[in-house]
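Since the structure comes first, as structure tokens, the remarks are kept for the end.
Any read-out appearing in this document is the output of simple, stated calculations on the displayed coordinates, not a laboratory observation. From a predicted model like this one, the values you see are computed outputs, not experimental measurements. Every residue, glycine among them, receives a Cβ derived from its backbone with ideal geometry; neighbour counts consider all protein chains shown.
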Amino acid sequence: MSFDEAALARARERVAGAERILVLSGAGLSAESGLDTFRGAGGLWRNHRATDLATPEAFARDPDLVWAFYEARRAAAFDVEPNPGHHALALLEERLGDGLLHLTQNVDGLIAAAGARRALEIHGSLRQVRCSRGCSEPFEDLRRPFPHPAVCDGCGSLLRPAVVWFGEGLDPDHLDRGFAFGARAEVVLVVGTSGQVEPAASLAREAARHGAALIDVNPEPSLLASHATEVLTGPAGAVLPRLIAT
Ligand code: BV8
């Protein structure tokens, strides 16, 4: 791995000396597990753009197409394993306990599969479904294939994936906790995200604005790189184990 060793050494110092680290992860963290990112070459599905399918309008217009998209993503996510990047973040959480808060944009469940106990899935989870009218809480349903069309026991509305679609609000509790923690973090570790999606990207940017050193781990420049104290140009699975090594 030929990235800037000096930047890695400086970043490792910061991580080793930090008592509070906010982590924001995106699709790139799961790329080495074999899952497509949103906007990379694999970001297309049956020549639809993922971002066009991840909306309530798409579901209202064509629930079969949207469920086929999520069925493919569930099948892929349930069949792969966490990679060394996930394991490194789970180890860092074990080391720091309440001193680490991991906000993941990923819905693939891989950070929990790697042993992380407290990551917040701020965009929801492929492992859960919910009533499309929102009359009840999301619940885990791992059936493959999911028996769409299936309806809510409570109100008879179609069940949908329990993920946050574009145009839908994130859990206010996740946002409150993320902004509050980030305001007091010494380091904000951004891993595998293009930084294009809001309000997730603001959670990292605000932490940096409050003085946290932003470390951006990505093979390519992200929209958050301009706020970074250190940019580690490389894949998460290779960089993170070296970043957290003591
Ligand atoms: C909201 C769940 C308001 C579903 C996702 C105009 C109209 C409408 C809305 C907006 C608008 N302009 C802005 C918005 C807001 C919108 C938004 O941000 N749009 C963007 C596209 C401009 N945001 C929203 O709509 C949010 N809600 O604003 O609601 C509101 C408020 C209150 C009440 C009601 C409404 C909701 C956003 C959440 C959308 N859901 N996912 C699903 O997964 O199917 S977002 C989706 O994008 C995924 O979660 C994904 O993770 C996320 C972010 O993308 P990335 O993770 O960054 O993935 P990407 O492919 O972009 O990048 C991958 C990166 O990895 C790359 O940089 C690559 O270089 C790197 N990489 C590759 N390999 C590796 C690697 N890195 C490390 N290692 C590697 N090996």
Open item on the list: Sort 157-167, 211-221 by the packing proxy (mean of other Cβ within 10 Å over each peptide's residues), most packed first.
Closed with: 211-221, 157-167
Open item on the list: Rounded, prolate or oblate, given the Cα gyration tensor of the range 55-123, with a/c below 1.5 counting as rounded?
Closed with: oblate
Open item on the list: Could you order the peptides 48-57, 69-78 from most to least packed, using the average number of other C-beta atoms within 10 Å per residue?
Closed with: 69-78, 48-57
- [ ] Set the Förster radius R0 to 35 Å, insert the Cβ-Cβ distance between residue 52 and residue 144 as r into 1/(1 + (r/R0)^6), and round the FRET efficiency to 0.05.
- [x] 0.90
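Within 10 Å of each residue's Cβ, count the other Cβ atoms and sort 110, 170, 223 from fewest upward.
Numbers: 110 25, 170 19, 223 16.
The most exposed by this proxy come first: 223, 170, 110.
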TODO: Find how much the distance from residue 65 to residue 246 grows on full extension, using 0.36 nm per residue of separation minus their present alpha carbon separation; answer in nm with one decimal.
DONE: 60.4 nm
Open item on the list: Give me the extension gain from residue 223 to residue 184: residue separation times 0.36 nm, minus the current Cα-Cα distance, reported in nm with one decimal.
Closed with: 11.8 nm
Open item on the list: How would the chain be classified by its alpha-carbon gyration tensor: rounded, prolate or oblate, with rounded meaning a/c under 1.5 and the a/b versus b/c comparison settling the rest?
Closed with: prolate
Open item on the list: Could you tell me the relative contact order of the chain? Use alpha-carbon pairs under 8 Å, at least six residues apart, and round to a whole percent.
Closed with: 27 percent
Task: Global form of the range 76-192, assessed from the alpha-carbon gyration tensor, a/c cut-off 1.5 - done: oblate
